[in-house]
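First the structure, in the form of structure tokens, and then the observations on it.
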Amino acid sequence: MDWASVSAAGCGLRGVEPSTSHGRPALKVKGKLIACTGRTDDHFVLMLDLERVTFLMEMEPETFFQTPHYAGWPAVLVRYAALPASDLPALLQEAWARRVPKGWLKA
């Protein structure tokens, strides 16, 4: 898996558009970040609730992690090589659902 796979899956969600965040490729919905490339090519950043971030890092530390830069923020780093491709759509959906208008969730 790589950023192209993440971007293709993310752009299939309502309102998601390719964009940038701090000069790096990103996915946004209504101008709000849901995912972006990492500082290195082995991972990407996914915006999730803090509780979910903590849970994922505890349950699957080989896949989900944070650097000190992200500690305490609702973002988790995801290793491309460790994430099963089948898990990607649900994770992107979860990040998307945090950012969209509530009416979109009912549609």
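Read the figures in this text as sums done on the coordinates, not as results from a lab. In this text the structure is predicted, and so the values were computed from the model without any measurement. When we count neighbours, we look across all protein chains shown, and the Cβ atoms used for this are built from the backbone with ideal geometry, even at glycine.
For the reader, a short list of remarks on this structure follows.
- Largest mean-square fluctuation among Ala85, Ala35, Ala97, in a Gaussian network model of the chain whose springs join Cα atoms under 10 Å apart, belongs to Ala85.
- Here the simple spin-label model places points 7 Å from the Cα toward Cβ, and for Ser86 and Glu51 these points are separated by 2.7 nm.
- In a DSSP loop and with at most 13 other Cβ atoms within 10 Å, the trypsin sites (Lys or Arg not before Pro) in region 5-107 are Arg14, Lys30, Arg39.
- In this rough spin-label picture, where each label sits 7 Å from Cα along the Cβ direction, the Leu105-Arg24 distance is 2.7 nm.
- Label point distance in nm, Met59-Asp42, each placed 7 Å from Cα along Cα→Cβ: 2.4 nm
- Neighbourhood charge, 13 Å Cβ-Cβ cut-off, centred on Asp49 and excluding it, Lys, Arg +1 and Asp, Glu -1: +1
- Checking every one of the GluC sites (Glu not before Pro) in the chain against DSSP loop status and a limit of 10 other Cβ atoms within 10 Å picks out Glu62.
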